[in-house]
1. By how many nm would the segment from Ser170 to Lys98 lengthen if fully extended, with 0.36 nm per residue of separation less the alpha-carbon distance?
2. Round to the nearest 0.05 the FRET efficiency obtained for Arg189 and Arg119 when R0 = 35 Å and r is the Cβ-Cβ distance.
3. Skipping prolines and chain starts, which residues have an amide H placed within reach, meaning under 5 Å, of the one on Arg119, given they are 5 or more residues away or on another chain?
4. For the pairs Lys83/Lys117; Lys24/Lys83; Lys17/Lys52, flag any whose C-alpha to C-alpha distance is greater than 23 Å.
5. Report the gain in length on full extension from Arg53 to Asp77: 0.36 nm times residue separation, minus Cα-Cα distance, nm rounded to one decimal.
6. Could you give each residue of the stretch 104-110 its phi-based ³J(HN,Hα) in whole Hz, using Karplus coefficients 6.51, -1.76, 1.60 with θ = phi - 60°, and x for Gly or Pro?
7. Would you mind getting the accessible area per residue of the stretch 50-125, heavy atoms of the protein chains only, 1.4 Å probe, in Å²?
8. Counting only residues 5 or more places away or on other chains, whose amide H sits under 5 Å from the amide H of Leu114 once H atoms are built in the peptide plane?
Amino acid sequence: MAKTVTISVTLTQAELKLAEKLAKEHGLPLAQCVKQFRLCDQVFEEHFETLKRRAAAQPEGQPFTVMGLFDDAEWNDLDRGLKLSLGRTFNHFVRGGKLPGVRPAGKNSSNVQLYEKERPQTALEERLAALAAEYGPEKAEPGPLTEELVERGEAAELAQLLEEAKLAGSSTEQALARQYEAALDEALRFGPLENSRDEAFCNCGEEEQGEAFDGWDL
């Protein structure tokens, strides 16, 4: 008869709950489940999947912490090692771009890492980013960028996007539109706008020019 050895094993509350669940599902004694299944790995995977799912469901632009995605009872049931593993793995996961739409957002006053779900870029933001990439970072600010567009006779599209953002955009987008509109007005030297408009917008047809200026106080 093979010699047996008795070993005492300490389980966390989460591991014990999982072992009891597996014992019931497989019709095995609790001790056999502890021997047969990698409880710590399964506990981690279950909680990490919960963490990813809840992070993806967060409101856009609202900072959150790993701990904040669990209720108090859930978090308190986790042992310190599992909490640290979840935090480290989630941080690497986000920084590696493996959770689309979620990004690091600095740290709070307690030096705890914050994350936030990014909102999709609007048409105006996408166009501004494309123009900045095209003309270079030194011309990404409102003043230099609008001056460049006016000089090239390519300001009509931006004017149209600014007007749309002012009418239907969020408060953040409306503020951005006002900032660039002021810069565009300055670039066009708004006083003699009637004289400079045709030259500044020469690369678009008359119909498009009219649409771009709809709603402007000319």
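The values are calculated or read from the model by the stated rules, or taken from the named source; none is laboratory data. These numbers were taken from a predicted model, which means no experiment stands behind them. Positions of Cβ are backbone-derived with ideal geometry, glycine not excepted, and every protein chain shown enters the neighbour counts. Note: accessible area is taken over every heavy atom of the protein model, side chains too, but ligands, DNA and RNA are not part of it. Shrake-Rupley method; radii C 1.70, N 1.55, O 1.52, S 1.80 Å.
1. 23.1 nm
2. Once rounded, the FRET efficiency stands at 0.50.
3. The answer is Gly61.
4. Flagged as over cut-off: Lys24/Lys83.
5. Result: 6.7 nm gained on full extension.
6. Rounded to whole hertz, the list is x, 9, x, 10, 8, 5, 8.
7. 59 Å²
8. For Leu114, the qualifying residues are Ala105, Gly106, Lys107, Asn108.
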